[in-house]
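I have placed the structure first, in the form of structure tokens, so that the comments after it can refer back to it.
The values are calculated or read from the model by the stated rules, or taken from the named source; none is laboratory data. If you're wondering where the values come from, they're calculated on a predicted model, not measured in any experiment. Cβ atoms come from the backbone with ideal geometry, glycine included; neighbour counts cover every protein chain shown.
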Amino acid sequence: MLRREVWRHFDYWLFGAVLILCVFGIVMIRSAIAGNEELAGSVQSQSIYVALGMGIILITASINYRTWSSLSRLMYIFGVVMLIGINIIGEAAFGSTRWFRAGIINIQPSELAKIIMIIVLADYFSRTADQPKNLLWIGKSALMTFGMVVWILLQPNLSTSIVVIVIWFALMWISGLPTRYIIIFGILGVTVFALLVGLLAAGVDVPFIEPYQVNRIVNFLFPDPNARHGETYNIEQALITIGNGGAFGKGYGAGTQVQLRFLKVRHTDFIFSAMAEEFGFVGTTLVIGLLVFVVIRCLRVAQKASDAFGSLIAYGIAILIFFQMAVNIGVNLNVLPVTGLTLPFISYGGSSLISLVLGIGLVESVAAHSQTLDF
């Protein structure tokens with residue numbers, strides 16, 4: 001009887017939207033690799049991850065999300081140990097060490113760390129809901145957050161570190177952070193950002209920020225129109241690719257920028273541009289609309305959850321998906337520096353996809369085990 005109740009409250013709309021996005025991602029990856037033999041296995045690999053991911057959603061949804069509250073400390077320790085291990089024996093690629101290689105599978109602990117931190121912070125803020133929202137309350141959550149972030153920064157992986165910090169601040173705000181502290185954080189954030197830009201402009205080495213990350217910021221602020229390689233070239237090609245799509249696109253597999261391989265990193269960071277060339281403004285709007293629909297369903301589950309822990313989990317996953325979507329699209333449109341964050345459910349990447357579907361599974365668990373929900 002209990003099992004029947006669980007699946008009665010399962011959010012099939014959310015599951016269906018995620019499945020459509022994942023399948024569409026496989027289709028886009030197939031076109032984006034443009035016959036590149038080195039990337040030929042990407043389609044099969046992503047298909048396997050999608051199939052595995054759908055199973056992960058169903059399994060995670062069947063487990064009462066409250067179970068993770070009692071395991072949050074062990075999960076946190078596991079996450080930190082994994083991140084420390086990646087800095088010791090991990091495999092380096094593109095200037096950083098982020099992966100464990102297990103046979104044909106690459107495991108990226110920083111992706112799993114996002115989900116772990118959502119659970120850990122949701123547990124902390126729900127348990128301290130009746131405590132004063134003072135500096136001690138903020139400090140404890142900050143200590144937990146940066147205890148994880150510092151190991152991500154050492155890879156180095158600045159973009160994922162920013163994602164975790166955004167999740168921390170957003171969950172803290174949802175949990176009742178007083179307005180005066182929001183203002184203080186805002187002033188500090190602007191001050192630190194201005195200081196960093198000043199130091200970087202003066203050529204001063206800043207801890208945790210690598211030269212290639214500095215180049216990304218410099219290329220964004222002061223692009224070289226004569227550049228024929230690097231981030232400036234990639235962004236220019238991305239903008240050309242988006243412009244080529246027009247209103248309705250050139251058709252699947254018919255985008256010249258993609259098929260002639262002018263657009264680089266087209267199956268991961270710049271898959272949005274590839275999608276825009278093939279399906280145009282109308283097609284990309286529909287995909288963005290579907291991603292927003294997923295975020296809205298997560299927010300709906302958060303609002304109707306039967307306890308603060310479940311609510312904060314769903315809010316955290318919604319923030320994660322929305323932030324990654326916004327940043328990835330912003331990079332493709334050249335309104336943000338290149339970050340390396342994927343377009344949720346669509347970009348190629350096993351670890352990224354698995355972490356996202358695990359998050360969706362948690363949201364589904366909140367929906368399924370919150371008996372007050374009525375979809």
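Counting the residues of segment 320-357 that are over 9 Å from the mean Cα position of the chain (by Cα), part of a helix (DSSP H, G or I) and either closer than 14 Å to residue 122 by Cα or among the hydroxyl-bearing types (Ser, Thr, Tyr) (or both) gives 1.
Scan segment 321-375 for residues that are farther than 27 Å from residue 64 by Cβ, aliphatic (A, V, I, L, M) and either surrounded by 19 or more Cβ atoms within 10 Å (Cβ to Cβ) or without any contact (Cβ under 8 Å) to a residue 60 or more places away in the chain (or both) and the total you get is 10. Looking only at residues in segment 59-77 that are surrounded by 15 or more Cβ atoms within 10 Å (Cβ to Cβ) and more than 14 Å from residue 313 (Cβ to Cβ), the one that is modelled with the highest pLDDT is 76.
In summary, residue 277 fulfils each of the numbered conditions (1) closer than 29 Å to residue 370 by Cβ; (2) assigned to a helix (DSSP H, G or I) with the single exception of condition (1).
No other residue among 253, 243 is on the phi > 0 side of the Ramachandran plot and not basic (Lys, Arg) apart from 253. Restrict the check to segment 198-207 and report whether at least one residue is at positive phi, more than 26 Å from the chain's Cα centre (by Cα) and surrounded by fewer than 13 Cβ atoms within 10 Å (Cβ to Cβ). Yes, some residue in segment 198-207 is at positive phi, more than 26 Å from the chain's Cα centre (by Cα) and surrounded by fewer than 13 Cβ atoms within 10 Å (Cβ to Cβ). Just one of the numbered conditions (1) modelled with pLDDT of 90 or more; (2) surrounded by fewer than 23 Cβ atoms within 10 Å (Cβ to Cβ) is not true of residue 217; which one? Against the list (1) modelled with pLDDT of 90 or more; (2) surrounded by fewer than 23 Cβ atoms within 10 Å (Cβ to Cβ), residue 217 comes up short only on (1). For beta carbons closer than 9 Å, sequence separation of 6+ or different chains, a first residue in segment 268-285 that is farther than 17 Å from residue 30 by Cα and at pLDDT 95 or above and a second that is of a type in the set (S, T, N, Q) and surrounded by fewer than 21 Cβ atoms within 10 Å (Cβ to Cβ), there are no qualifying pairs.
Here is a check on your reading of the model: is residue 318 buried (at least 22 other Cβ atoms within 10 Å of the Cβ) and under 20 Å from residue 355 (Cα atoms)? So residue 318 passes the test.
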